[in-house]
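Notes for the one structure printed next.
Each reported figure results from applying straightforward, stated rules to the coordinates on display, with no laboratory input. Computed from a predicted structure; not experimentally measured. Ideal geometry is used to build each Cβ from the backbone, glycine not excepted, and the neighbour counts take in all protein chains shown.
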Amino acid sequence: MVIVLTVYVDVLIAINIFVNFFLLLCVKGILKINLKKYRLFLGALAGGVYSLVIFLPEIPDILTFLMNITASLLIVIITFKPTKLKLLLKCFTAFFGVNFAFAGIMLALWLAFKPSGMIYNNSVVYFNIDIKVLIISTVVCYFTITMISKFSKRSAPDNKIYSVTLFNKNKTVTVNALLDTGNTLRDCFTGKPVIIAEKCVIDKLFDKSVLEFFENGEIPDSEDRNRVRIIPVNTVSDKGVLRASVIDGITVNEKNITVNNVLLSQSKNSFQNGEYSVLLNNDIINERGNDNVKTILKKTDL
């Protein structure tokens with residue numbers, strides 16, 4: 001006896017959008033990437049549209065594999081907009097990992113409860129499943145994967161990554177920042193805390209004259225000349241100087257803390273793991289010895 005199951009396009013796309021949204025949310029949590037919810041939805045929508053390949057004639061396995069790789073890369077790029085190859089590979093690997101974990105958990109639930117009605121074609125699965133069961137199963141998968149990631153090894157166990165917004169004149173940029181617990185660097189003359197950022201952040205916050213100061217040390221011939229500094233730095237293994245310039249302020253979004261008039265310096269090299277673009281001064285979080293720190297009662301939107 002042949003059992004014919006009807007596949008509804010709207011249900012197929014809705015299910016895949018729902019599942020992909022939670023999978024991308026897992027990746028966001030595991031990698032601690034700061035991004036808007038609408039980007040998660042756009043990535044999930046791309047996954048939902050891709051699920052329409054279930055209606056195509058059966059595709060050879062090798063072509064199916066290549067299509068899945070391409071679709072996954074597209075979903076990752078749409079969602080996370082990685083600017084570095086290393087971050088792209090990290091997001092892609094995490095996305096594939098949570099997909100495999102999700103598939104395994106769903107298979108276990110499927111074998112345990114044995115609901116009827118499933119269609120599989122071109123690596124896309126359509127479940128003729130009650131919506132309540134799907135929601136509960138997906139949420140169980142999400143929290144299971146999240147708990148596993150929390151107990152797994154993290155890249156910075158003694159530090160923490162925050163979402164921060166840096167603002168200077170009419171320019172703002174929101175990025176991830178690593179709280180460097182060993183960084184208490186300050187300008188010895190003004191006492192202002194110094195934070196360190198990658199070049200991509202520096203380029204978005206300063207005018208050309210200040211960027212030239214960071215590049216070759218040329219003092220700006222403008223009002224910005226009073227905002228630039230040379231910061232002497234002593235480490236265990238080396239001595240040197242950092243070029244820095246005052247920015248109007250920085251907001252640590254999770255802590256609802258804004259620090260005005262901080263010094264921003266450019267890192268000599270890009271941070272290797274791609275999870276953050278700024279090294280945050282420890283004193284900014286702890287609010288020690290800084291009259292420019294104020295706690296915002298309501299989350300700041302810049």
Report task. With r as the distance between the Cβ atoms of Lys268 and Phe189 and R0 = 30 Å, compute the FRET efficiency 1/(1 + (r/R0)^6) and round to 0.05. Result -> 0.85
Query raised in the report: Taking neighbour counts of Cβ atoms within 10 Å as a proxy for exposure, in what order, fewest first, do Glu215, Glu58 appear?
Result: Glu58, Glu215
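Take the Cα radius of gyration of the stretch 160-295 and divide it by 2.2 N^0.38 Å, with N its residue count; two decimals is plenty. Display every interim value, and only then the final one.
Working: Rg = 13.8 Å, N = 136, 2.2 N^0.38 = 14.2 Å.
With N residues counted in the stretch 160-295, Rg over 2.2 N^0.38 Å equals 0.97.
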Query raised in the report: In whole Hz, what ³J(HN,Hα) sequence does the stretch 192-206 give by Karplus (6.51, -1.76, 1.60; θ = phi - 60°), x for Gly and Pro?
Result: 5, x, 10, 10, 10, 9, 6, 4, 4, 6, 4, 4, 8, 10, 10
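Sort Asp224, Asp180 so the one with the fewest other Cβ atoms within 10 Å of its own Cβ comes first.
Details: Asp224 17, Asp180 20.
Listing Asp224, Asp180 from fewest to most nearby Cβ atoms yields Asp224, Asp180.
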Report summary line: Once phi for every residue in the stretch 214-223 is put through the Karplus expression 6.51 cos²θ - 1.76 cosθ + 1.60 (θ = phi - 60°), the whole-Hz ³J(HN,Hα) values, with Gly and Pro written as x, are 5, 6, 10, x, 6, 5, x, 9, 7, 4
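Which order, highest average first, do 43-53, 59-69, 15-25, 75-85 follow once you tally other Cβ atoms within 10 Å for each residue and take the mean per peptide?
Details: 43-53: 19.7, 59-69: 12.5, 15-25: 21.7, 75-85: 17.7.
The densest-packed peptide leads the list: 15-25, 43-53, 75-85, 59-69.
Beyond 25 Å between alpha-carbons counts as too far, so tell me which of Lys84/Lys204; Lys90/Lys169; Lys37/Lys171 fall in that bin.
Working: Lys84/Lys204 17 Å; Lys90/Lys169 34 Å; Lys37/Lys171 23 Å.
Over 25 Å apart, Cα to Cα: Lys90/Lys169.
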Query raised in the report: How would you classify the stretch 2-88 from its alpha-carbon gyration tensor, with a ≥ b ≥ c the square roots of the eigenvalues: rounded for a/c under 1.5, else prolate if a/b is greater than b/c, otherwise oblate?
Result: oblate
